[in-house]
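Heads up, the thing below is written out as C-alpha cells.
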Amino acid sequence: MNFPNLLTLLRILLTPLMVILLIDGKILEAFGIFILAGLTDALDGFLARLLRQKTRVGAILDPIADKLLLNSSYVALSIMGLVPGWLAVVVISRDVIIVFGVLLLFLIHGGVEIKPTLLGKLTTFTQLLTIFCAFWRYEYDLIAPFMSLLFLAVALSTVASGMHYMALGIRYLGEEEHGQE
C-alpha cells in the first residue's frame, strides 16, 4: 500500500471521528477533522500523480472516501439543523443512484471506467463549500443570509449532475446494445 492510498484510508477513518465529535457537540473539533480530511483528499491525489503512484485500489477508494465524508457530513449537519434535511436527501439520493448505476454497468459489462465530469466536480465543490460554510456559520453567523443561496446552488448542481451521469450511463448502455447487434 502506497502513501497516497494510506492518506485515503486516513480520510475514511477520520469520517466517523468527525461524526462522533458532532454528536458530542464538539463542533470546532469536528470542523478541524473535516478540514484535515479535506487536506488528505487534496494531498493523496497530488502525491499519487507526483510520485506516479496511481493505483486501481486508489481509484476505487478515493471516491468511496469522498462519498463517505460528504454523506456523513450532510446527515450529521442536517440532524443538527445546520443544513436542511431535504438537501441531505438530495445529496445522498444522487450518490445512491450513481452507485447503483455503476454497479449495474459493472454487472452488465464486467468493468466500467468512471471519470468525474466537470459538472460532477463542480457539484462536489459546492457540496464541500456548503459543509464548510455550515460549520463556519455555527461559530460565526455572518454568512447566514447567503446560506439559502448556497443550499439552492447545491441542490441544482446535485440534481443536474445526477441527471447528467444518468444520461451518460444510458448512452453507454445504448452504445453497447447497438454495438452487439
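No lab work stands behind these numbers, since they all come straight from the coordinates. Remember, it's a predicted structure, so these values are computed and weren't measured experimentally. Because the Cβ atoms are built from the backbone with ideal geometry, glycine has one as well, and the counts that use them run over all protein chains shown.
If I compute log10 I(q)/I(0) by the Debye sum over Cα atoms at q = 0.08 Å⁻¹ from the structure I just sent, which labelled value in (1) -0.38; (2) -0.35; (3) -0.28 lines up?
(3)
Okay, helix-only estimate at 222 nm for the chain: each DSSP H run of n ≥ 4 adds -39500 (n - 2.57), divide by all residues, round to 500 deg cm²/dmol; what do you get?
So the helix-based figure for the chain works out to -30000 deg cm²/dmol.
Please report the relative contact order for segment 3-180, taking Cα pairs under 8 Å with a sequence separation of at least 6, and give it as a percent rounded to a whole number.
Relative contact order here is 22 percent.
Taking Cα centroids, how far is segment 1-44 from segment 56-93 in Å?
Cα centroid to Cα centroid, the span is 13 Å.
Lys/Arg Cβ at +1, Asp/Glu Cβ at -1, dipole of the chain taken about the Cα centre: which of 43, 173, 162 is farthest positive-ward?
Farthest along the dipole direction, towards plus: 43.
Taking the Cα centre of the chain as origin and charging only Cβ (+1 Lys, Arg; -1 Asp, Glu), how large is the dipole, in debye to the nearest 20?
300 debye
For a footprinting-style exposure proxy, rank 175, 113, 29 by other Cβ within 10 Å, fewest first.
Ranked by crowding around the Cβ, least crowded first: 113, 175, 29.
In terms of the Cα gyration tensor, with a ≥ b ≥ c the square roots of its eigenvalues, is segment 27-91 rounded because a/c is under 1.5, prolate because a/b exceeds b/c, or oblate?
Oblate, because a/c is 1.5 or more while a/b does not exceed b/c.
Towards the positive end of the charge dipole of the chain, with charges on Cβ (+1 Lys, Arg; -1 Asp, Glu), say which of 65, 112, 4 has the farthest Cα.
Result: 4.
What distance in nm separates the simple spin-label points at residue 100 and residue 121, each placed 7 Å from Cα in the Cβ direction?
Spacing of the two 7 Å Cα→Cβ label points: 2.9 nm.
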